Amino acid sequence: MNVIDTLINTLATLKYPVFLQGTFSGDQYPPAFFTYIVNASDDRAHYNDNTTSWTWQFTVIFYTNDPTLLDTAPEAARAALKAAGFIPQGKGLNVYSDDPNFTGWSLDYLFLDK
């Protein structure tokens, strides 16, 4: 399984839909969902002129129309992703949505792919 699949599958265990940022094509957002984007996949180490490991950087955002979920779902995602080998970069921050009824919580992660 590749790193992106691991991210998606781990988030999916929390029972919210998961979308690549900017790819939702429905008419109405689900009540709560995750988005992700790959910010970088840099070479980490080399041996004999070949890349042997990479550092992946992801942003994961949880959006919801229920602000009380911002206290639980992002923390559950942080714990699940950390258990799967992702390295949280801090605790996150609020983000706005293009829908005034939704709010979000964003957190960046690293993954060391060996």
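Scanning segment 48-76 for residues that are over 18 Å from Phe24 (Cβ atoms) and touching a helix residue (DSSP H, G or I) at 6+ places or on another chain (Cβ under 7 Å) returns a single hit, Trp56.
Can you find a residue that is assigned to a strand (DSSP E or B), at pLDDT 95 or above and open to solvent by 50 Å² or more (accessible area, probe 1.4 Å) anywhere in segment 74-93? Checked against the condition, which is being assigned to a strand (DSSP E or B), at pLDDT 95 or above and open to solvent by 50 Å² or more (accessible area, probe 1.4 Å), segment 74-93 yields at least one hit.
Does Asp66 satisfy being of a type in the set (Asp, Glu) and open to solvent by less than 80 Å² (accessible area, probe 1.4 Å)? When the stated conditions are applied, Asp66 passes them.
Criterion first (touching a Lys or Arg at 6+ places or on another chain (Cβ under 7 Å) and at pLDDT 95 or above) does Leu107 satisfy it? Yes; evaluated as a whole, the condition is true for this residue. Consider Thr52 carefully, then state whether it is of a type in the set (S, T, N, Q) and over 14 Å from the mean Cα position of the chain (by Cα). Yes; evaluated as a whole, the condition is true for this residue. For segment 10-38, enumerate the residues that are polar (S, T, N, Q) and more than 11 Å from the chain's Cα centre (by Cα). Selection gives Thr13, Thr23, Ser25, Gln28.
Here Trp56 meets each of (1) aromatic (Phe, Trp, Tyr); (2) without any contact (Cβ under 8 Å) to a residue 60 or more places away in the chain; (3) under 19 Å from Gly104 (Cα atoms) with one exception, condition (3).
Of the numbered criteria (1) over 21 Å from Ala12 (Cα atoms); (2) touching a strand residue (DSSP E or B) at 6+ places or on another chain (Cβ under 6 Å); (3) small (Gly, Ala, Ser), the one Gly90 fails is (2).
The residues of segment 1-38 that are exposed (fewer than 11 other Cβ atoms within 10 Å of the Cβ) and either in contact (Cβ under 8 Å) with a residue 60 or more places away in the chain or within 20 Å of Ile87 (Cβ to Cβ) (or both), listed by number, are Met1, Asn2, Asp5.
Within segment 94-114, the set of residues being farther than 23 Å from Ala40 by Cβ, open to solvent by 60 Å² or more (accessible area, probe 1.4 Å) and part of a loop (DSSP other than H, G, I, E, B) comprises Asp98, Pro100, Asn101. Ser41 meets the conditions (1) part of a loop (DSSP other than H, G, I, E, B); (2) more than 20 Å from Val95 (Cα to Cα) in every case but one. The failed one is (1). Taking the listed residues Phe33, Phe58, Phe19, the one that is under 25 Å from Ala73 (Cα atoms), assigned to a strand (DSSP E or B), of a type in the set (Phe, Trp, Tyr) and in contact with a Pro (Cβ under 7 Å, 6 or more places away or on another chain) is Phe33, with no other qualifying.
The values are calculated or read from the model by the stated rules, or taken from the named source; none is laboratory data. The structure presented is a predicted model; accordingly, all values stated were derived computationally and were not measured. As a convention, Cβ positions derive from the backbone with ideal geometry for all residues, glycine included, and neighbour counts pool all protein chains shown. The area values use the complete protein model at the heavy-atom level, side chains included, leaving out ligands, DNA and RNA. Shrake-Rupley method; radii C 1.70, N 1.55, O 1.52, S 1.80 Å.
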